[in-house]
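Peer 1: Can you keep this structure in mind? I'll have questions shortly.
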Amino acid sequence: MSPLVRTLIHRLAASLVVLAGVSMLMFVVARVIPGDPARIALGPNATEAQVEALRRERHLDQPIPVQYWEYVREVARGNLGNSLYSNRPVRQDIAQYLPATLELIFAAAAMIVLIGIPVGVLSARYRRRLGDHLGRVGSIVGVSTPAFVWGVILQLVFAYFWRLFPIEGRLAASLPPPPPITGFFVIDSVLAGDGKTLIDSLHHLALPALALAMAGIGQTARLTRASMVETYRKPFIEMAHAYGFREARISNRYAFRPALVPVLTILGLDIAALLGNAFLVESVFGWPGLSRYGVEVILHKDLDAIVGTVLIIAAAFLVANIAVDLLVAVVNPRIRFAGGRA
Amino acid sequence: MSPASAATVNERKAAVLAVRSLSVTFQSPTGPFEALRNVTLHVRPGEKIGLVGESGSGKSTIARVVLGLLQEERDVAVSGSVRLGLREILGDQSFIRESRGDRVSMIFQDAVSALNPTFTIGDQFKEVLRRRNPTISTAAALRRARVALADVYLHEPDRVLGSYVFQLSGGMSQRVMIALALINDPDLIVADEPGSSLDVTVQARTLHLMNDLIGRRRTSVMFISHNLGVVREFADRVYVIYRGGIVEHATTAQLFADPRHPYTRALLAAIPRLDQRGIPDVPETIPGFADPLIEHEGCEEPSLASA
Ligand SMILES: Nc1ncnc2c1ncn2[C@@H]1O[C@H](COP(=O)(O)OP(=O)(O)OP(=O)(O)O)[C@@H](O)[C@H]1O
Ligand SMILES: [Mg+2]
């Protein structure tokens, strides 16, 4: 078995342990925060008997370990329990809201990578020139302004004053959503061959994704620049110059690849952190995503829905981290070959 | 032999490298620092010259000017003249830019850190070979690289070509470096303390190997070292440099038979042999160290007209 595959298996196993831990923790936390979930779900007008019945039905009268065991059996069957509030399977709720959030996050992640890294690379290549100074100031502004403030600014400037972009939502009210296959409007409209919906969904996606990405773009540009500048001081870059490798080739290849290693690691964390910031951006842009759902279920003390949402977010976080580690291994042969031993 | 044009005849007689009155001043936040002062030296075709001096005396700075690297940096003033063959390279980077890696190459002190950790040795050979022949195919490049690796007695060329530098030993990396430096058959190689990061026996073996290969091709070499013992073994002619200035210039035989400059004498008194580790223990300074250049008989650069 290649070291890489072995590492991957280790990481997946470790992730399952983490998810089990997270589920236990959230399971307990959801139950110890004040408030009676059955009462909240049924509202003030329900009779005590109705509330009692719901409690019994959902095993809420049992000790927490017993409840957890019931929950685990449910999860093993591929379910995430039922929402007390909407009375639908949590899985179904999440399936409805998650793609919107993931679409937003993937778009933001793409912007971070496709804007942040090139800006950092160019900044390092033309360091201490005007473009570099502008890039660095821009990066600091990007990093130090919270995502929801970016949301409000971008919305005001580009949607409200200049009317270049829609103010909110995923799609114009006049357009029906594309037939749901992945739940990503952009992908589904491509699959449906519907150019008009594709353009409109991209149009809606642009501002919230950019608002969400701004800090990551700035952070990534700064990190990439620092890592590139550091790499330029290495003897192997002096060697590349001494052997007449072209400047662009050094910057895009011989300095870039070694410099990318530390950047990727942080980038993975940044992208995972988008999940947290997505909520505020989703509220600014009326984006019907999971973050909004998550807050709603917490306010309603919707037990299974809370645990389910957190589990999905944790799983996404873990997957993102493993993906980044794999990428790092691809870029850094030293890790690739030491993978099994590390 | 094919009939040569007048220009190539001239070029063959001209020094491969001629440095005249080279001065280098670094601008630092604490003020200007004169790293080289009025340095004049030359290397004839097929000749091996040694450049000896203590740490910080400016040896690498000369190497970096010859390769045109220093000129591309900011905050440094370079004056004088540096000719490669008949071309002046100070003030015009175009010629040296197209020459380095091709007509001029360099061997670095520490091959392990001079090779890129994220590309295979094969990739790095390919890139260097492309300097001479931009359209060379991968297969042809690897074929050439295999031959070059066999020349430096690396017996599993395919394994080496597929390896990353951290998978090779220090001695193997240094051999790879030598093979890279020679593969485009350069006119001039600048060897800046090659192998001094290796243990002494490996270093000695690598230096002999390099010397053999270079001798066979009649490549010109500027050999930099702080170790007079090393220079004695490998150089035809020696320049001794002290604090940015050349203090003595002699053939190797002359220098060791009749060292004239007080600084050279101090260096010789503290000479470590090739099989010994360590930096010569030279006194910080004595008044005579600052004496002007002493050039031994017959070492002057032959002028083009008289050649
Ligand atoms: N980029 C630079 N900026 C400022 N000063 C420099 C720079 N490069 C070299 N120097 C200074 O120039 C002097 C000569 O340095 P150089 O590297 O040429 O020494 P060297 O003879 O090669 O020494 P070593 O044997 O340690 O390699 C040193 O005092 C060094 O501090
Ligand atoms: Mg040096």
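Peer 1: Name every residue in the range B:188-202 that is in contact (Cβ under 8 Å) with a residue 40 or more places away in the chain and either in a helix (DSSP H, G or I) or within 16 Å of ligand 1 (Cβ to nearest atom) (or both), in order of residue number.
Peer 2: Selection gives B:Val190, B:Ala191, B:Asp192, B:Glu193, B:Pro194, B:Gly195, B:Ser196, B:Ser197, B:Val200, B:Thr201.
Residues are listed down the side, and each one gets a yes or a no for (1) touching a Phe, Trp or Tyr at 6+ places or on another chain (Cβ under 9 Å); (2) surrounded by fewer than 20 Cβ atoms within 10 Å (Cβ to Cβ):
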{"residue": "B:Arg37", "(1), (2)": "no, yes"}
{"residue": "B:Leu41", "(1), (2)": "yes, no"}
{"residue": "B:Gly53", "(1), (2)": "yes, no"}
{"residue": "B:Ser57", "(1), (2)": "yes, no"}
{"residue": "B:Val76", "(1), (2)": "yes, yes"}
{"residue": "B:Gly80", "(1), (2)": "no, yes"}
{"residue": "B:Ser94", "(1), (2)": "no, yes"}
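Peer 1: Given the conditions (1) of a type in the set (Phe, Trp, Tyr); (2) on the phi > 0 side of the Ramachandran plot; (3) within 21 Å of the chain's Cα centre (by Cα), which single one is not true for B:Phe125?
Peer 2: (2)
Yes/no per residue for (1) within 16 Å of ligand 2 (Cβ to nearest atom); (2) charged (D, E, K, R); (3) touching a residue at least 40 places away in the same chain (Cβ under 8 Å):
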{"site": "B:Gln109", "(1), (2), (3)": "yes, no, yes"}
{"site": "B:Phe125", "(1), (2), (3)": "no, no, yes"}
{"site": "B:Val165", "(1), (2), (3)": "no, no, yes"}
{"site": "B:Met172", "(1), (2), (3)": "no, no, no"}
{"site": "B:Ile178", "(1), (2), (3)": "no, no, yes"}
{"site": "B:Leu209", "(1), (2), (3)": "no, no, yes"}
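Peer 1: Pick out the one residue from B:Leu142, B:Leu154 that is part of a loop (DSSP other than H, G, I, E, B) and away from every other protein chain (no Cβ under 14 Å). It would help to see each step written out before you state the result.
Peer 2: Working: B:Leu142 fails: part of a loop (DSSP other than H, G, I, E, B).
Of B:Leu142, B:Leu154, the one residue that is part of a loop (DSSP other than H, G, I, E, B) and away from every other protein chain (no Cβ under 14 Å) is B:Leu154.
Let's see how each residue does on (1) more than 16 Å from ligand 2 (Cβ to nearest atom); (2) not hydrophobic (A, V, I, L, M, F, W, C):
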| position | (1), (2) |
| --- | --- |
| B:Asp92 | yes, yes |
| B:Asp102 | yes, yes |
| B:Ser113 | no, yes |
| B:Val128 | yes, no |
| B:Ala150 | yes, no |
| B:Leu154 | yes, no |
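Peer 1: Additional query: Could we say that B:Leu129 is modelled with pLDDT of 95 or more, in a helix (DSSP H, G or I) and either within 12 Å of chain A (Cβ to nearest Cβ) or surrounded by 24 or more Cβ atoms within 10 Å (Cβ to Cβ) (or both) here?
Peer 2: So B:Leu129 fits the description; yes.
Peer 1: Would you check if A:Tyr85 is touching a residue at least 24 places away in the same chain (Cβ under 8 Å), within 30 Å of the chain's Cα centre (by Cα) and not in a helix (DSSP H, G or I)? I'd like the intermediate steps shown before the answer.
Peer 2: Values: touching a residue at least 24 places away in the same chain (Cβ under 8 Å): yes; within 30 Å of the chain's Cα centre (by Cα): yes; not in a helix (DSSP H, G or I): yes.
So A:Tyr85 fits the description; yes.
Peer 1: Oh, and also: Looking at the structure I just gave you, is A:Ala221 buried (at least 18 other Cβ atoms within 10 Å of the Cβ) and touching a residue at least 40 places away in the same chain (Cβ under 8 Å)? Spell out how you get there, then give the answer.
Peer 2: Working: buried (at least 18 other Cβ atoms within 10 Å of the Cβ): yes; touching a residue at least 40 places away in the same chain (Cβ under 8 Å): yes.
Yes.
Okay, residues lined up against (1) at pLDDT 90 or above; (2) under 18 Å from B:Thr40 (Cα atoms); (3) loosely packed, with under 15 Cβ neighbours inside 10 Å:
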site: B:Met210; (1), (2), (3): yes, no, no
site: B:Met222; (1), (2), (3): yes, yes, no
site: B:Tyr239; (1), (2), (3): yes, yes, no
site: B:His261; (1), (2), (3): yes, yes, no
site: B:Arg277; (1), (2), (3): no, no, yes
site: B:Pro280; (1), (2), (3): no, no, no
site: B:Ile286; (1), (2), (3): no, no, yes
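Peer 1: Can you tell which of B:Val78, B:Val24, B:Val82, B:Val65 is part of a strand (DSSP E or B), within 16 Å of ligand 2 (Cβ to nearest atom) and modelled with pLDDT of 95 or more?
Peer 2: The unique qualifying residue is B:Val24.
Peer 1: Would you check which residues across the range B:230-247 are in contact with a Phe, Trp or Tyr (Cβ under 8 Å, 6 or more places away or on another chain) and part of a strand (DSSP E or B) and list them?
Peer 2: Matches in the range B:230-247: B:Val240, B:Tyr242, B:Ile246, B:Val247.
Peer 1: May I ask you to list the residues in the range B:39-66 that are among the charged types (D, E, K, R), away from chain A (no Cβ under 14 Å) and either more than 10 Å from ligand 1 (Cβ to nearest atom) or under 12 Å from the mean Cα position of the chain (by Cα) (or both)? First the steps, then the outcome.
Peer 2: So the first thing to find is which residues in the range B:39-66 are among the charged types (D, E, K, R), and the list is B:44, B:47-48, B:54, B:59, B:64.
Checking which are away from chain A (no Cβ under 14 Å) leaves us with B:44, B:47-48, B:54, B:59.
Passing the criteria: B:Arg44, B:Glu47, B:Lys48, B:Lys59.
Peer 1: Any idea which of B:Asp92, B:Asp110, B:Asp102 is more than 16 Å from ligand 1 (Cβ to nearest atom) and within 16 Å of the chain's Cα centre (by Cα)? If you could, list the steps in order and put the result at the bottom.
Peer 2: Details: B:Asp92 fails: within 16 Å of the chain's Cα centre (by Cα); B:Asp110 fails: more than 16 Å from ligand 1 (Cβ to nearest atom).
Matching residue, one of B:Asp92, B:Asp110, B:Asp102: B:Asp102.
Peer 1: Residues of the range B:87-126 being of a type in the set (S, T, N, Q) and more than 7 Å from chain A (Cβ to nearest Cβ), which ones?
Peer 2: B:Gln93, B:Ser94, B:Ser99, B:Gln109, B:Thr120, B:Gln124
Peer 1: Given the structure, is A:Met228 facing chain B (nearest Cβ under 9 Å) and either crowded, with 24+ Cβ neighbours inside 10 Å or on the phi < 0 side of the Ramachandran plot (or both)?
Peer 2: Numbers: facing chain B (nearest Cβ under 9 Å): no; either crowded, with 24+ Cβ neighbours inside 10 Å or on the phi < 0 side of the Ramachandran plot (or both): yes.
The answer is no for A:Met228.
Peer 1: Name the helices (runs of 4 or more DSSP H) wholly inside the range A:270-342 in which the number of residues that are farther than 30 Å from B:Thr118 by Cα and modelled with pLDDT of 85 or more is 2 or more. Give the steps one after another, and end with the answer.
Peer 2: Values: elements: A:290-299, A:303-331, A:333-338.
It comes to A:290-299, A:303-331.
The values are calculated or read from the model by the stated rules, or taken from the named source; none is laboratory data. A quick note: this is a predicted structure, and the numbers were derived from the prediction, not measured. Using ideal geometry, Cβ is built from the backbone for each residue, glycine included, and neighbour counts are taken over all protein chains shown.
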